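Undergrad: Handing you this structure, nothing more for now.
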Amino acid sequence: MNADRALRDPHDDGLNDHAREQIEASLAAHAGRPGPLLQVLHEVQDRLGYVPAAAVPVIAEALNVSRAEVHGVVTFYHHFRQSPAGRHVIQLCQAEACRAMHCEQLTQHAQRKLGIGLHETTADGRYTLEPVYCLGNCACSPAMMIDGRLYGRVTPESFDDLIAPLS
Amino acid sequence: MSIKVYVPRDATALSLGAGPVATAIQDEAQRRGLDIQLIRNGSRGLFWLEPLVEVETEGGRHAYGPVTAADVTSLFESRFFEGRGHRLHQGLTEEIKELRSQQRLTFARVGVTDPVSVEDYVAHGGYEGLTRALAMPPAAIVQAVTDSGLRGRGGAAFPTGIKWKTVLDQPPQQKYVTCNADEGDSGTFADRMLMEGDPLMLIEGMTIAGIAVGATQGYIYLRVEYPHAHRALNEAIAAARAAGYLGPNILGSGRQFELEVRLGAGAYICGEETSMLESLEGRRGEVRVRPPLPAIKGLFGQPTVVNNVISLASVPVILARGAEFYKNFGTGRSRGTIPLQLAGNIKRGGLIERAFGLTLRELIYDYGGGSASGRPIRAVQVGGPLGAYIPASQFDTAIDYEALSNIGALLGHGGVVAFDDTVDMAGMARYAMEFCAKESCGKCTPCRIGSTRGVELMDRVIANIDRERNLQLVEELCDTLLHGSLCGLGGMTPFPVQSALKYFPEDFRKSVQ
Ligand SMILES: Cc1cc2nc3c(=O)[nH]c(=O)nc-3n(C[C@H](O)[C@H](O)[C@H](O)COP(=O)(O)O)c2cc1C
Ligand code: SF4
Ligand code: FES
C-alpha cells in the first residue's frame with residue numbers, strides 16, 4: 001500500500017523519521033505505567049493509523065518484552081491493524097439487535113455500493129468497510145460508525161447520503 | 001436570568017442528530033438576543049424521543065422531541081423556552097408515562113444533571129454516600145453492601161458484598177478496584193449511558209470500594225467502541241480530582257484513591273473478568289484458570305475487586321440511603337432495581353430502571369409499545385449473545401434472576417432484544433456459533449474448533465443436507481461446549497442455540513429456496 005511505503009525510509013527496511021518519532025512519543029506517554037503495552041499500541045495506531053510491522057521490535061525493546069509478545073498482542077485484538085486503512089473507516093454493526101432490524105441487508109447494500117467486502121478497502125483508498133459487534137446503539141438499530149461518529153436507524157438511503165460528502 | 005436548555009451528549013442522541021440541534025439552538029438564541037445556557041446532559045433513555053430537548057421553567061422541565069435541526073426555528077417561534085406548546089411538545093419530562101412509572105435509583109441523575117459538573121452532582125445528592133463511607137470502618141461499608149442484597153449486574157449475579165469482603169480480608173498490600181466497562185453484549189447500553197450521563201456516580205462508587213477494601217488505585221476497563229463515554233469519563237475524573245474527591249487526600253480524610261481509564265481493543269472475551277485483567281496488564285486477553293480468584297490474586301497478582309459499571313454505580317445510593325432502603329426494592333433474592341435495556345425491533349426502545357419483578361410482557365408492550373415494524377414479536381433474547389431466546393408463550397415470566405433461571409434463561413446484564421416474526425431462528429443459531437468462533441480466546445478446543453464446526457453444521461442444516469443427522473450433531477456439540485469450556489463464552493453459546501432449537505424447531509426445517 002502507498003501509505004505503508006510513505007512510512008518507510010526508501011533506503012532501508014526500518015521506519016522513517018516521522019514514524020519513529022511518533023512511536024517514541026507513544027512509548028514516552030505510557031512507558032512509566034504498569035502493563036503499558038496495550039495503551040502504547042493504541043497510541044501508535046492513533047498517531048500512524050496502524051501498527052507497522054517495523055514498530056514491533058522498537059516497542060518490544062523499549063518495554064523489555066519479546067517481539068513475539070508484542071506481535072501476539074497486536075494480532076489478538078480486532079482493533080489493531082497491521083496495514084493502513086482507507087481514509088474513512090465505516091463500521092457496520094452485525095450483532096443481534098441490529099440483525100433484528102435487518103442489518104444484513106444494509107451490509108449487502110454497503111458492499112454493493114462500495115464494490116468491496118467486509119475488511120476491505122476501496123481501490124482509491126477512500127473507504128474501509130468493517131464489521132463491528134455492538135456499538136451500544138441497539139435501541140436505534142441498525143447502527144453504524146464512521147471515523148468514530150455514531151449513527152442510528154441507518155437505511156440504504158441514509159448510508160448513501162452519509163458517505164457521499166467524505167473525500 | 002438565563003434560560004437553561006438541555007440537549008444530550010449521549011451517544012445515541014448524537015447518533016440521531018443531537019449535535020446539529022445543539023448548534024442550531026445556540027445560533028437561533030443568539031440571533032434573537034436570548035440569553036440561554038446550553039447544558040449537554042445525558043439521555044433520559046427514551047430513545048424514540050431523541051434528540052430530546054428540555055427547557056427549565058418555574059413549573060418544571062418541559063420536553064420536546066424528537067427534534068431535528070430543522071425544527072429549531074419553529075420551536076423558538078412557539079416560545080418553547082417558556083415551556084409553551086409545539087407539535088413536538090411532550091409536556092413535563094417527569095410526567096412522560098414511560099419515565100414516570102420507572103424507579104430510578106442508579107439512573108436518578110442521568111439526563112437530569114450536567115454529567116461532568118461536580119457542583120451539579122453534589123447539588124443532586126452526589127457524594128453523600130462517600131461522605132458517609134469516610135466516617136465508617138471499612139468492614140461496616142462492606143457489610144452495608146452485603147446487607148443491601150446487591151448482586152453483580154455484569155452477568156454472573158454474584159453478591160457484591162461477599163466479593164468485597166474477600167478483598168478486605170487479604171492482608172494490607174497493594175490492592176486494586178477495577179471496573180468492567182467492556183459492555184460487549186448486544187442489546188445493552190446501560191453502562192454506556194451511565195458513563196456518559198452520570199460518570200461521577202461510577203467514580204464515587206469506585207472510590208467507596210477503594211476505601212472499603214483498602215485499595216488506592218482503580219482502573220476502568222472501557223471498550224474502544226465507546227469514544228463518547230471515554231471523553232465523559234476523563235472529563236469527570238479531572239473534575240473530581242480538581243474538587244478533591246480523588247487523589248492523595250480525599251476531602252481531607254487522609255485516604256487516597258486514584259483512577260485511570262484503560263481502553264480495550266475490540267475483543268468480546270475481554271469482558272470475562274480474568275481476560276479483562278490480562279488485557280489491563282497489556283497482554284492477550286486469554287482467560288485465566290481459577291483459582292486463584294481475582295479477589296485474592298487479581299491485577300498484577302494483587303487482591304482485586306472486579307465489578308461491572310452498574311454494580312459500582314449502585315453503591316453510592318446504598319451508602320447514602322441505607323442498605324434497607326435499597327433492599328426494599330425487588331423480589332425474592334433479586335434485590336434493588338435493575339436498569340433494563342430494551343432494544344432491537346421495538347417501537348419505544350430505551351432504558352427502563354425498575355425494581356426486579358416486572359414481566360417481559362409489561363416491558364415489551366407497556367414500555368416498548370410492541371415491535372418497530374408493527375408485526376408480532378416472536379421472540380426476545382435476554383442477556384446478550386450468550387442468553388436464551390424466549391418465545392412469546394413465556395412473555396409472562398418475571399424479570400428476576402430466579403424466575404428467568406427457572407425457564408432456562410438468564411438475565412445477564414439486563415439487555416432484552418426483540419425480534420418480529422420475520423426472524424429466522426436457524427440463522428440466529430448459526431450466528432451464535434459464528435460469534436463464538438470469532439471471539440474465542442483460543443484456550444479450549446471445544447470453543448476454538450467446535451464453534452467453527454458448529455457454523456459448518458448449521459450451514460448444512462439450513463441447506464437441508466442430511467438435516468436430521470446434522471441437527472443431532474449440533475446438539476452433541478452443544479453438550480461438549482457446555483461441559484468442556486473454561487469460561488462462559490464456550491460454556492454458554494449453547495443457550496441461544498438450544499433455546500432456538502427447542503422453541504422454534506420449524507425454522508430449522510424450512511424448505512430450501
Ligand atoms: C464471555 C464473557 C463476557 C463478559 N462480558 C462482561 C462485560 O462486558 N461486562 C461485565 O461487567 N461483565 C462481563 N462478564 C462477567 C464478568 O466475568 C464478571 O462476572 C463481572 O465483571 C463481575 O462484575 P459484577 O459482579 O459486578 O457483575 C462476562 C463474562 C463472560 C464469560
Ligand atoms: S471457553 Fe472459549 S473463550 Fe472461554 S477460555 Fe475457553 S477458549 Fe477461551
Ligand atoms: S447490536 Fe448493533 S449497536 Fe448494539
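The values are calculated or read from the model by the stated rules, or taken from the named source; none is laboratory data. Everything numeric here is computed off the predicted structure, so don't read it as measured data. Quick reminder, even Gly has a Cβ in these numbers, built from the backbone with ideal geometry, and neighbours come from all protein chains shown. Calculation scope for accessible area: heavy atoms of the full protein, side chains included, ligands and nucleic acids excluded. Shrake-Rupley method; radii C 1.70, N 1.55, O 1.52, S 1.80 Å.
Undergrad: Which members of region B:342-361 meet the condition of being touching a strand residue (DSSP E or B) at 6+ places or on another chain (Cβ under 8 Å) and more than 14 Å from every other protein chain (Cβ to nearest Cβ)? Reasoning before the result, please.
TA: Taking region B:342-361 as the starting set, the residues that turn out to be touching a strand residue (DSSP E or B) at 6+ places or on another chain (Cβ under 8 Å) are B:342-346, B:348-360.
Within region B:342-361, B:Glu353, B:Arg354, B:Ala355, B:Phe356, B:Gly357, B:Leu358, B:Thr359, B:Leu360 qualify.
Undergrad: Residues in region B:148-196 that are free of Cβ contacts under 8 Å to residues at least 60 places away in the same chain, more than 7 Å from ligand 1 (Cβ to nearest atom) and in a loop (DSSP other than H, G, I, E, B): how many?
TA: 2
Undergrad: Let me ask you something else. If I filter region A:61-83 for residues that are touching a helix residue (DSSP H, G or I) at 6+ places or on another chain (Cβ under 8 Å), among the hydrophobic types (A, V, I, L, M, F, W, C), within 30 Å of A:Thr155 (Cα to Cα) and within 14 Å of chain B (Cβ to nearest Cβ), do I get at least one hit?
TA: Yes: one or more hits.
Undergrad: Now a separate question. Picking from B:Leu222, B:Leu280, B:Leu299, B:Leu259, which residue would you name as being within 14 Å of another protein chain (Cβ to nearest Cβ), closer than 27 Å to B:Met136 by Cα and within 15 Å of ligand 1 (Cβ to nearest atom)? Walk me through it before giving the result.
TA: Working: B:Leu222 fails: closer than 27 Å to B:Met136 by Cα; B:Leu280 fails: closer than 27 Å to B:Met136 by Cα; B:Leu259 fails: within 15 Å of ligand 1 (Cβ to nearest atom).
Criteria check complete, one pass: B:Leu299.
Undergrad: I want to confirm something. Restricting to region A:151-167 and keeping residues that are under 25 Å from B:Tyr367 (Cα atoms) and of a type outside the set (Ser, Thr, Tyr), which single residue is nearest to the other protein chains (Cβ to nearest Cβ)?
TA: A:Gly152
Undergrad: Please verify whether A:Cys98 is within 16 Å of ligand 1 (Cβ to nearest atom), surrounded by 17 or more Cβ atoms within 10 Å (Cβ to Cβ) and at negative phi, treating the condition exactly as stated.
TA: Values: within 16 Å of ligand 1 (Cβ to nearest atom): no; surrounded by 17 or more Cβ atoms within 10 Å (Cβ to Cβ): yes; at negative phi: yes.
No: the conditions fail for A:Cys98.
Undergrad: If B:Gly387 satisfies every condition in (1) within 16 Å of ligand 3 (Cβ to nearest atom); (2) more than 11 Å from chain A (Cβ to nearest Cβ) but one, which is the exception?
TA: So the condition that B:Gly387 fails would be (2).
Undergrad: What's the total number of residues in region A:101-131 that are surrounded by fewer than 21 Cβ atoms within 10 Å (Cβ to Cβ), within 14 Å of chain B (Cβ to nearest Cβ) and of a type in the set (A, V, I, L, M)?
TA: Selection size over region A:101-131: 1.
Undergrad: Counting just the residues of region B:409-422 that are open to solvent by 20 Å² or more (accessible area, probe 1.4 Å) and over 22 Å from the mean Cα position of the chain (by Cα), which one comes out nearest to the other protein chains (Cβ to nearest Cβ)? Before the answer, list the steps.
TA: Filtering region B:409-422 for residues open to solvent by 20 Å² or more (accessible area, probe 1.4 Å) gives B:410, B:421-422.
Cutting the leftovers down to over 22 Å from the mean Cα position of the chain (by Cα) gives us B:421-422.
On the way: B:Asp421: 12, B:Thr422: 8 Å.
Filtering first and then ranking leaves B:Thr422.
Undergrad: Residue under question is B:Asp396, and the condition is that it be at positive phi, open to solvent by 30 Å² or more (accessible area, probe 1.4 Å) and without any contact (Cβ under 8 Å) to a residue 40 or more places away in the chain; does it hold? Talk me through it step by step, then tell me what you get.
TA: Numbers: at positive phi: no; open to solvent by 30 Å² or more (accessible area, probe 1.4 Å): yes; without any contact (Cβ under 8 Å) to a residue 40 or more places away in the chain: yes.
Against the criterion (at positive phi, open to solvent by 30 Å² or more (accessible area, probe 1.4 Å) and without any contact (Cβ under 8 Å) to a residue 40 or more places away in the chain), B:Asp396 does not qualify.
Undergrad: Does region B:362-377 contain any residue that is under 21 Å from B:Ala108 (Cβ atoms) and within 12 Å of another protein chain (Cβ to nearest Cβ)?
TA: Kept after step one, since they are under 21 Å from B:Ala108 (Cβ atoms), are these residues of region B:362-377: B:363, B:367.
Going one step further and asking which of them are within 12 Å of another protein chain (Cβ to nearest Cβ), we end up with B:367.
There is at least one residue in region B:362-377 that is under 21 Å from B:Ala108 (Cβ atoms) and within 12 Å of another protein chain (Cβ to nearest Cβ).
Undergrad: Then there is this: B:Tyr176 versus (1) touching a helix residue (DSSP H, G or I) at 6+ places or on another chain (Cβ under 9 Å); (2) surrounded by fewer than 19 Cβ atoms within 10 Å (Cβ to Cβ): which is the lone unmet condition?
TA: Among (1) touching a helix residue (DSSP H, G or I) at 6+ places or on another chain (Cβ under 9 Å); (2) surrounded by fewer than 19 Cβ atoms within 10 Å (Cβ to Cβ), B:Tyr176 violates only (2).
Undergrad: Wholly within region B:222-328, which helices (runs of 4 or more DSSP H) include no fewer than the required count, namely at least 1 residues that are within 16 Å of ligand 2 (Cβ to nearest atom) and either in contact (Cβ under 8 Å) with a residue 40 or more places away in the chain or open to solvent by less than 50 Å² (accessible area, probe 1.4 Å) (or both)?
TA: Details: elements: B:227-242, B:273-280, B:309-321, B:323-327.
Per the criteria, B:273-280.
Undergrad: If you don't mind, there's one more thing I want to ask. When you look at B:Ala432, is it part of a helix (DSSP H, G or I), in contact (Cβ under 8 Å) with a residue 24 or more places away in the chain and within 11 Å of chain A (Cβ to nearest Cβ), yes or no? Walk me through how you get there before you give the answer.
TA: Numbers: part of a helix (DSSP H, G or I): yes; in contact (Cβ under 8 Å) with a residue 24 or more places away in the chain: yes; within 11 Å of chain A (Cβ to nearest Cβ): yes.
It is true that B:Ala432 is part of a helix (DSSP H, G or I), in contact (Cβ under 8 Å) with a residue 24 or more places away in the chain and within 11 Å of chain A (Cβ to nearest Cβ).
Undergrad: Kindly indicate which of B:Met428, B:Met433 is more than 23 Å from the chain's Cα centre (by Cα) and closer than 28 Å to B:Arg375 by Cβ. Even if it seems obvious, please write down each step before you answer.
TA: Working: B:Met428 fails: more than 23 Å from the chain's Cα centre (by Cα).
Unique residue meeting the criteria: B:Met433.
Undergrad: Suppose we filter A:Gly136, A:Gly152, A:Gly148 for residues that are buried (at least 23 other Cβ atoms within 10 Å of the Cβ), farther than 22 Å from A:Ala54 by Cα and more than 16 Å from ligand 1 (Cβ to nearest atom); which single one remains?
TA: Numbers: A:Gly136 fails: more than 16 Å from ligand 1 (Cβ to nearest atom); A:Gly148 fails: buried (at least 23 other Cβ atoms within 10 Å of the Cβ).
Step by step, each of A:Gly136, A:Gly152, A:Gly148 is checked, and only A:Gly152 is buried (at least 23 other Cβ atoms within 10 Å of the Cβ), farther than 22 Å from A:Ala54 by Cα and more than 16 Å from ligand 1 (Cβ to nearest atom).
Undergrad: Hey, another quick one. Please enumerate the residues belonging to region A:32-65 that are of a type in the set (Gly, Ala, Ser) and within 21 Å of A:His79 (Cα to Cα).
TA: Those that are of a type in the set (Gly, Ala, Ser) and within 21 Å of A:His79 (Cα to Cα): A:Gly35, A:Gly49, A:Ala53, A:Ala54, A:Ala55, A:Ala60.
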